[in-house]
1. Say whether the condition of being within 10 Å of ligand 2 (Cβ to nearest atom), at pLDDT 85 or above and open to solvent by less than 50 Å² (accessible area, probe 1.4 Å) is met by at least one residue in segment 50-57.
2. If the requirement is being within 16 Å of ligand 1 (Cβ to nearest atom), open to solvent by 40 Å² or more (accessible area, probe 1.4 Å), part of a helix (DSSP H, G or I) and out of contact with any His (no Cβ under 8 Å at 6 or more places or on another chain), which of these qualifies: ASN91, ASN96, ASN106, ASN41?
3. I'd like the residue in segment 66-88 that is within 29 Å of GLN186 (Cβ to Cβ) and of a type in the set (Gly, Ala, Ser) and, out of all such residues, is nearest to ligand 1 (Cβ to nearest atom).
4. Before we move on, is PHE341 under 19 Å from SER67 (Cβ atoms) and in contact with a Phe, Trp or Tyr (Cβ under 8 Å, 6 or more places away or on another chain)?
5. Restricting attention to segment 379-405, which residues are assigned to a loop (DSSP other than H, G, I, E, B) and surrounded by fewer than 18 Cβ atoms within 10 Å (Cβ to Cβ)?
6. Quick check on segment 356-378: of everything there that is buried (at least 16 other Cβ atoms within 10 Å of the Cβ) and without any contact (Cβ under 8 Å) to a residue 60 or more places away in the chain, which residue is farthest from ligand 2 (Cβ to nearest atom)?
7. Of all residues in segment 59-88, count the ones that are within 16 Å of LEU262 (Cα to Cα) and of a type in the set (A, V, I, L, M, F, W, C).
8. Of all residues being in a helix (DSSP H, G or I) and within 16 Å of ligand 2 (Cβ to nearest atom) in segment 264-276, which is surrounded by the most Cβ atoms within 10 Å (Cβ to Cβ)? Just the residue, please.
Amino acid sequence: MESKEPKKAKNALKRVKKTLSLSAVGKLSRDALKRSQSIDNQLQADKDRKQNELSLLLLGGACCGKSTFVKQLRIHYGDGFPEEERLQYKNQVHDNVSGAAHKIINYMHTHDISFEKECMMVQAEEFQRRNPVLDINEILKTPQPVEERPAASKGANSLLAMACSELSKRFAILNMKCNGLSLNDQQLLLTFWNDKNFQQCYKSGQSKETSPENLTPQEIYFCDNMNRILSENYVPTHQDILYIRRPTLGVIEHVFHVDDLLYRVIDVAGQKSQRKKWIHLFENVTVVLFFVSLSGFDETLEEDDTLNSLTDSLNTFHDVSHNHYLDKTDFLLFLNKYDLFKEKLKTVQLKTFLASYDGENTPDACVKYVRDVFHQHRPCHKQVYTHVSCATDVEMMSDILAKVLNIIAEINCKKSGKLF
Ligand SMILES: Nc1nc2c(ncn2[C@@H]2O[C@H](COP(=O)(O)OP(=O)(O)OP(=O)(O)O)[C@@H](O)[C@H]2O)c(=O)[nH]1
Ligand SMILES: [Mg+2]
């Protein structure tokens, strides 16, 4: 027979075990609760972080001002291009001015015009050989070796990777080109510049009627600043950097912090052949910034001289704004290059190129019409905020950027349900 004492002890042990297991359960559930709370906190933090991260996709044809807009963001909301950074743009400026020199020398050839010192033409040809102008269309057309082609996949990161791999060879060519000018060639270019006949051809090159390869407004800007940009201690200014023409290849993401928000700004290549890649970037976009070159109304595309630039912009805007991936995405429309547009309207009639227009040829009336045409092409449920801009104008863009960032922050609040 079992004595009473061990039975008591057994019961006591049972009680202790029960208490212990209860407290273990209590501890376990407290641990679980803590874990669950920490997961909740993490989820909330992720949600807050996501709500504070905005994705801005810049779209529009080539040369309409997307990358220039990003530079303005850097000036007003980024590091503002410190001097050592600005120095890195020197080669690009020199490449741009060298491109202009090419056109002027070609013009001299075609019109059988020599330099004041005739022997200079040989040196000019050598200058051209040493500093070839690479045609972006040729670079983009270069077929990519099959083994280098990555499998197509979705999402911005994979597209970035794809773009990097795909364009690595092409970048190599372009970077080779971005060596700028040797000191000797800078000197030589100054000598050309001081030649009366070269100057005369430069002036002809500015007029569309007299030159088949007319100079672009940015090339005219750099030529007008030739002595400064070829001086020994030249450091590019903000204005110089804004005027550089360097086509974007692939996709480039820039990050800006403004107030509590993080803006991911995605800049793409606008050339026609590059646009089919845009769709990979349409996921999770907060807002699309669509750029139009207003002054393109009488121009054709660099990559297709049968297509009017403004018509192409309109068609592209129509397609993109109706794309179902962007169904709920608001658009900001930038009618850019207003400075060049205004200047052009002094001599060119909008209605010559936009047959449906029969109003006055004043900048206000014309820009209003262009704006209305674009708005008619948007899906009617879509909000489109329009800005008439000049992306190379630092002061004007300061105002525009402040407004734009406000609008985007508001759109973000609406999307994340903070505003209603
Ligand atoms: N005068 C003037 N020039 C501008 C304006 N906006 C841009 N540009 C110039 O136009 C050229 C092309 O601008 P980018 O910003 O490189 O054009 P993009 O849209 O990025 O072109 P891609 O990269 O080829 O798609 C540059 O030389 C700029 O300086 C503007 O409003 N007025
Ligand atoms: Mg660009």
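The values are calculated or read from the model by the stated rules, or taken from the named source; none is laboratory data. Since this is a predicted model, take the numbers as computed values, not measurements. Because the Cβ atoms are built from the backbone with ideal geometry, glycine has one as well, and the counts that use them run over all protein chains shown. In case anyone asks, the SASA skips ligands and DNA or RNA and just uses the protein heavy atoms, side chains included. Shrake-Rupley method; radii C 1.70, N 1.55, O 1.52, S 1.80 Å.
1. No, there is no match, as no residue in segment 50-57 is within 10 Å of ligand 2 (Cβ to nearest atom), at pLDDT 85 or above and open to solvent by less than 50 Å² (accessible area, probe 1.4 Å).
2. It is ASN91.
3. SER67
4. So PHE341 does not fit the description; no.
5. PRO379, CYS380, HIS381, LYS382, GLN383, ASP393
6. TYR357
7. 2
8. Among them, the one singled out is GLN274.
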